[in-house]
Amino acid sequence: MGTSIYEFPQSSQPDAARGAVSAPRSGPRRTRAPGEAPTVGVIYNPRSHRNKGQDFDCGISPDVYIVQPGDRNQLPQALSSLAKRGIDLLVINGGDGTVRDVLTCGQSIFGDDWPPIAVLPKGKTNALTVDLDVPLDWTLQGAIDALDNGRRILRRPMALTALTGPKARVLGFIMGAGAFARATTQTGQSAHRLGAFDSVVVGLTTAWVILQSLLGSTKNVWRRGTEMELRLGPSSALMEHSGHGDPKRRQLLFASTLERLPAGLKPFGKLTKGLRLVALDQISRRTAAMLPILTRGWTPKNLRERGIHQVSAPSFTLDIDGQVILDGEAFPAGKYRIEQSQELEFVTP
C-alpha cells in the first residue's frame, strides 16, 4: 500500500504474494433482488497522492463497507472481511500501486470469483484508469451508480512470478526494465517531487529516455543497456537480437496488457491487445531520433533490423541482471515468468 519505490525482498510480503493460500469466500456471490442496493467493499489508501489531507465520506450508505489497511500485511485480512460479506462491487481508492497490491493479495481470496472492480484514480500515476477512461474526479457514489448503469470493461493483468529468490506471484499492468527501470526510479520520482503526475510524468520520463539515447555515448548507462535474456511463449523461443551493440544486452524492455497508455503512447505499434512487449537493443542515434514518432504508433518495416522488437506473446521469461519494475515496485535481478492472469471485470462510467 506504499506509494514509493521499494525493494521487493526487503518489503513485507502478504501471504498471497508469497504464494500461500488464504481462505476463499464461502460460496458464490449472491444474486441481488430487483431494486436492491448493492453491497460495496472499499479498499481506501489514505496515503495515495490525491487522498492525502482529504476526508473520505464513510457514511454514504449502510451497505458500503470501507477498510483502510495500514500496510500490505493487513490487506489479506481486509479483503477476506469484504469477501465474506458477499460484496457486489469492490472499489479500489488509490493509484496503480494500490491496484497492484489489491489484485496480488486478492488472488487467493477471490480465486475465480472476483466481483466487478471500480478504481478511483487517486495515485501519483493512474495508468489503469487512463485505459478504462475513468475521470480523475470520479467519486465513490459515481462508481456505485455505474455498477448498474455504467460500462463493463474486461482486462487481464500481467502475473510476474519470481523463479529465483523470494517466491512470489504479483499482478500488475505495466512492467519494464533497463532504461525503463532507471527512468522510473530516478527521473519519474524527481518529476513527482517537482509536481508532475499522471500523463505529464509519463511524457517527461519518455522524453528523457529518448534524449539520453540521442546524446549519450555507448558508455552512457542509459544506452549501455542491461544484460537480459528473453524467451517467448510456451516453447521458450529465444528472442532474436539485431546485432546492434552487445548481443547480451537490451537498452530497454517494456510490457503491458493495457490497450491505451498515458500520454497517448503507442510503443507496440499495430499490436493492440493481449500481453505485448517492446525491446530495444543498443540502437543507433539515427534510430533513436525516430523514437518520438515510433512511440505514437508508426511502424516501419525494418524495425527489427534497426534493433526495435515489438512482440505479442501469451507469456515470456526474463533472466536479467538489473531491476524489474511492475507498477512502481522494484524487483531485484533474477529470473521471472510473465504471463497473462485471469480476466477481471472493471466498472467504468
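The values are calculated or read from the model by the stated rules, or taken from the named source; none is laboratory data. The shown structure was predicted, so the numbers you read here are calculated from the model rather than taken from an experiment. Cβ sites come from the backbone with ideal geometry, for glycine too, and all protein chains shown count toward neighbours. Ligands, DNA and RNA are excluded from the accessible area calculation, which covers all protein heavy atoms including side chains. Shrake-Rupley method; radii C 1.70, N 1.55, O 1.52, S 1.80 Å.
Applying the selection to the range 288-318, what residues are within 16 Å of R223 (Cβ to Cβ), crowded, with 20+ Cβ neighbours inside 10 Å and modelled with pLDDT of 90 or more?
Hits for the range 288-318 are G307, I308.
Give the residue, chosen from D133, D112, that is open to solvent by 30 Å² or more (accessible area, probe 1.4 Å), closer than 15 Å to V347 by Cβ and of a type in the set (D, E, K, R).
When all the criteria are applied, what remains is D133.
Taking the condition in contact with a Lys or Arg (Cβ under 7 Å, 6 or more places away or on another chain), in contact (Cβ under 8 Å) with a residue 12 or more places away in the chain and open to solvent by 10 Å² or more (accessible area, probe 1.4 Å), does D63 pass?
No: the conditions fail for D63.
Given the conditions (1) open to solvent by 20 Å² or more (accessible area, probe 1.4 Å); (2) within 20 Å of the chain's Cα centre (by Cα), and given that P234 satisfies all but one, which numbered condition is not satisfied?
(2) is the only condition that P234 fails.
List the pairs whose first member sits in the range 225-254 and is in contact (Cβ under 8 Å) with a residue 60 or more places away in the chain, whose second member is hydroxyl-bearing (S, T, Y), and whose Cβ atoms are under 6 Å apart, counting only residues at least 6 apart or on separate chains?
Pairs that qualify, where the first residue is in contact (Cβ under 8 Å) with a residue 60 or more places away in the chain and the partner is hydroxyl-bearing (S, T, Y), are R231/T317.
If we keep just the residues of the range 160-178 that are farther than 11 Å from I325 by Cβ and surrounded by 21 or more Cβ atoms within 10 Å (Cβ to Cβ), which is farthest from the chain's Cα centre (by Cα)?
The qualifying residue farthest from the chain's Cα centre (by Cα) is A162.
Restricting attention to the range 237-263, which residues are closer than 30 Å to D96 by Cα and of a type outside the set (D, E, K, R)?
Residues satisfying the conditions are M239, Q251, L252, L253, F254, A255, S256, T257, L258, L261, P262, A263.
Name every residue in the range 323-340 that is surrounded by fewer than 21 Cβ atoms within 10 Å (Cβ to Cβ), touching a residue at least 40 places away in the same chain (Cβ under 8 Å) and part of a loop (DSSP other than H, G, I, E, B), in order of residue number.
Listed by number, the list holds a single entry, P332.
In the range 83-167, which helices (runs of 4 or more DSSP H) lie fully inside it and hold 1 or more residues that are out of contact with any helix residue (DSSP H, G or I) (no Cβ under 7 Å at 6 or more places or on another chain) and at pLDDT below 95?
96-110, 140-149
Open to solvent by 50 Å² or more (accessible area, probe 1.4 Å) and under 15 Å from E345 (Cα atoms): does that describe D148?
Yes: the conditions hold for D148.
Can you name the residue in the range 304-347 that is out of contact with any Asp or Glu (no Cβ under 6 Å at 6 or more places or on another chain) and of a type in the set (D, E, K, R) and is also nearest to I153 (Cα to Cα) among such residues?
E345
I want to confirm something. Restricting to the range 247-272 and keeping residues that are of a type in the set (D, E, K, R), in a loop (DSSP other than H, G, I, E, B) and touching a Lys or Arg at 6+ places or on another chain (Cβ under 8 Å), which single residue is farthest from F173 (Cα to Cα)?
Top of the filtered list is K266.
May I ask you to list the residues in the range 115-130 that are among the β-branched types (V, I, T), open to solvent by less than 10 Å² (accessible area, probe 1.4 Å) and closer than 16 Å to A263 by Cβ?
T129, the sole residue that qualifies.
Looking at the range 79-101, which of the residues that are polar (S, T, N, Q) and within 24 Å of T185 (Cα to Cα) is surrounded by the fewest Cβ atoms within 10 Å (Cβ to Cβ)?
N93
Residues of the range 57-75 being in contact with a helix residue (DSSP H, G or I) (Cβ under 8 Å, 6 or more places away or on another chain) and at pLDDT below 80, which ones?
Matches in the range 57-75: D57, I60, S61.
Conditions: (1) crowded, with 23+ Cβ neighbours inside 10 Å; (2) at pLDDT 90 or above. A16 meets all but one. Number of the miss?
Of everything listed in (1) crowded, with 23+ Cβ neighbours inside 10 Å; (2) at pLDDT 90 or above, A16 misses just condition (2).
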